[in-house]
1. Find the residue count for segment 156-174, including only residues that are crowded, with 21+ Cβ neighbours inside 10 Å and in contact with a Lys or Arg (Cβ under 8 Å, 6 or more places away or on another chain).
2. Do we find a residue being charged (D, E, K, R), at pLDDT 95 or above and either surrounded by 15 or more Cβ atoms within 10 Å (Cβ to Cβ) or closer than 30 Å to Pro109 by Cα (or both) anywhere in segment 4-18?
3. Can you find a residue in segment 251-260 that is among the charged types (D, E, K, R), closer than 30 Å to Ser162 by Cβ and either open to solvent by 10 Å² or more (accessible area, probe 1.4 Å) or in contact with a strand residue (DSSP E or B) (Cβ under 7 Å, 6 or more places away or on another chain) (or both)?
4. With the requirement that a residue be surrounded by fewer than 22 Cβ atoms within 10 Å (Cβ to Cβ) and in contact (Cβ under 8 Å) with a residue 24 or more places away in the chain, what does segment 216-235 give you?
5. Scan the helices (runs of 4 or more DSSP H) fully inside segment 20-131 and keep the ones with 1 or more residues being buried (at least 21 other Cβ atoms within 10 Å of the Cβ) and within 16 Å of ligand 1 (Cβ to nearest atom).
6. Being under 14 Å from the mean Cα position of the chain (by Cα) and at negative phi is the requirement here; does Phe205 meet it?
7. Please tell me if Gly212 is within 16 Å of ligand 1 (Cβ to nearest atom) and closer than 22 Å to Leu33 by Cβ.
Amino acid sequence: MYDGEPSPGRNDPCWCGSGRKYKKCHYEADNRLQQLYDAGEEVPYRSLLKTAADVEAIKASAEVNKGILDYVGEHIGPGVSTMDINRWVEEYLAAHDAVSADLNFEGYPYSVCTSINDVICHGFPNEDDVLKDGDIINVDMSTIKGGYFSDSSRMYCIGDVSPERRRLVEVCRESVKAGLAAVRPWGHLGDVGAAVNKVATDAGFSVVREYGGHGIGKEFHEDPFVSFVSQAGTGPILAPGLCFTIEPMVNAGAADITTDEDNGWIVRTADGSDSAQWEVQLVVTEDGYELLSW
Ligand code: MF3
Ligand code: CO
């Protein structure tokens with residue numbers, strides 16, 4: 001087929017491992033993918049499409065991931081350092097037979113990313129970064145359990161946060177909801193980014209171009225790249241089984257970024273304005289999508 005892989009005979013077991021006959025399982029979907037490919041559409045390789053068993057395994061990983069973000073929500077506040085959060089993460093992971101996907105990923109040196117105020121993403125946990133009243137922080141958690149990856153992030157408002165910062169956090173969250181509402185099986189990935197982008201820019205904010213969402217499941221970062229500066233009707237087809245994240249980084253000021261030269265990781269707004277991010281992980285289904293981590 002279009003992905004260079006063979007297809008089983010109609011009465012043979014499906015390639016996905018469901019145990020069902022190919023004609024009763026992926027046969028129709030595969031034909032549709034091939035037709036779309038032949039018509040010039042960008043079509044995800046079938047190896048990216050998650051089976052029911054894959055989705056169950058991702059959910060088990062996501063239970064830990066969500067549990068960590070819940071725990072952070074219950075304990076975060078003024079006086080907590082971002083290294084405290086890193087310690088909570090490590091303890092929670094160890095107690096749940098899971099490990100951080102971040103730690104050692106391309107050399108990343110911590111178990112979680114903690115990004116305060118003008119830090120867009122990849123903030124390092126630090127003993128000296130003690131949260132104070134009025135801060136906003138993104139805690140981005142990624143878990144490996146049973147060989148499967150989950151990834152989501154949330155914003156936390158520390159104490160009495162200004163209306164401007166609250167609005168940034170809320171608009172970013174609404175943009176993710178709009179992105180989810182644009183997920184349609186057999187639609188285009190570009191629809192999702194366009195919907196996210198509209199909410200953020202209509203509110204007067206900007207959207208980071210260099211970083212986006214990603215496929216995920218058997219690897220941390222799989223294809224496709226999920227842009228939030230995309231056009232509707234473009235990009236890969238949202239085939240059922242495609243699992244990816246929606247994780248826009250929304251800046252109060254300009255979209256431009258700078259990367260810390262000392263460590264090569266920490267990304268900040270070039271103009272020093274605040275930045276917010278929420279991240280969810282979903283799988284496209286026959287009739288919509290299922291949220292896996294948030
Ligand atoms: N969690 C980030 C994401 O949402 C990736 C962080 S990579 C790390 O894709 F190495 F910085 F942890
Ligand atoms: Co992600």
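The values are calculated or read from the model by the stated rules, or taken from the named source; none is laboratory data. What you see is a predicted model, and the numbers here were worked out from it, not measured in a lab. All Cβ positions, even for glycine, are placed from backbone atoms using ideal geometry, and neighbour counts span all protein chains on display. Heads up: the accessible areas ignore ligands, DNA and RNA and are worked out on the full protein's heavy atoms, side chains in. Shrake-Rupley method; radii C 1.70, N 1.55, O 1.52, S 1.80 Å.
1. 0
2. No: zero hits.
3. Residues of segment 251-260 among the charged types (D, E, K, R): 256, 260.
With closer than 30 Å to Ser162 by Cβ added as a condition, the list becomes 256, 260.
Retained after the next criterion (residues that are either open to solvent by 10 Å² or more (accessible area, probe 1.4 Å) or in contact with a strand residue (DSSP E or B) (Cβ under 7 Å, 6 or more places away or on another chain) (or both)): 256, 260.
Yes: segment 251-260 contains one or more residues that are among the charged types (D, E, K, R), closer than 30 Å to Ser162 by Cβ and either open to solvent by 10 Å² or more (accessible area, probe 1.4 Å) or in contact with a strand residue (DSSP E or B) (Cβ under 7 Å, 6 or more places away or on another chain) (or both).
4. Looking only at segment 216-235, we keep the residues that are surrounded by fewer than 22 Cβ atoms within 10 Å (Cβ to Cβ), and these are 218-225, 229-234.
Lys218, Glu219, Phe220, Glu222, Asp223, Pro224, Val229, Ser230, Gln231, Ala232, Gly233, Thr234 - these are the residues of segment 216-235 that are surrounded by fewer than 22 Cβ atoms within 10 Å (Cβ to Cβ) and in contact (Cβ under 8 Å) with a residue 24 or more places away in the chain.
5. Numbers: elements: 27-38, 52-75, 82-95.
Fully inside segment 20-131 and qualifying: 52-75, 82-95.
6. Values: under 14 Å from the mean Cα position of the chain (by Cα): no; at negative phi: yes.
Taking the combined requirement at face value, the residue does not satisfy it.
7. Numbers: within 16 Å of ligand 1 (Cβ to nearest atom): yes; closer than 22 Å to Leu33 by Cβ: no.
No.
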